[in-house]
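Working notes, structure below.
What follows draws every value from the coordinates through simple rules; no lab data is involved. Source: prediction; values computed, not measured. A quick note on method: Cβ atoms are made from the backbone with ideal geometry, for glycine too, and the neighbour counts reach across all protein chains shown.
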Amino acid sequence: MSKAAISQRRAYAKFAFAALLALTFCMAHPASNVYAKKKKLAKYGSIKILSNPAGLPIEIDGKREGETTTDYRSFDRDPGVHTIVVTLPDGQRWTREIDLAAGHIKCVAISYRSAPPVVKSPCPYPADSRSPRASGMASPACGPDRAPWLRPRAQGAWPARLGVS
């Protein structure tokens, strides 16, 4: 036999072996189907709270839950409306109602800044409401007749063009 005939028979044999192997796998599992698993729905929601500064007392639905942190702190709750109360450093209470759905996450970020201190006037005398400056009127010493830089410029006071010679 010639080399061409031998190589052609080998090719047929390889093809027949591959077909037989594929047929064997198909017969071994004729009814095997792959189905995706159904997702289980969450039965709760999460509330995440952070604050700056940390350490503020938290109450959720009237129950004390500890203190806030500078990272999100998670609380898992049943779906529905929940009341969150955070006590601020000055004693005020920050209150919000959050409607939480199952499988959802609600994030709350609180950034507290204290009120600036009240600055007292350095002037020992109260401002006189009858004085021209307090009422917004200019005093005669500061009017346009007294301040030459406020007067309108006269015609021809400045050259129309400046040139370099």
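Worth a mention:
- Taking label points 7 Å from Cα along the Cα-to-Cβ direction, Ala11 and Asp76 give a separation of 6.3 nm.
- Cys107-Ser46 pseudo-label distance in nm [points 7 Å out on the Cα-to-Cβ vector]: 1.1
- The charge dipole of the stretch 45-111, taken about its Cα centre with unit charges on the Cβ atoms of Lys, Arg (+1), Asp and Glu (-1) only, comes to about 60 debye.
- Annotation: lysines with alpha-carbon distance below 27 angstrom to Lys14 (same-chain offsets under eight excluded): Lys3.
- Rounded, prolate or oblate (a/c below 1.5 giving rounded, otherwise prolate when a/b exceeds b/c) for the stretch 43-113 by Cα gyration tensor: prolate
- Lysines with Cα under 23 Å of Lys43, excluding same-chain neighbours fewer than 8 positions away: Lys63, Lys106
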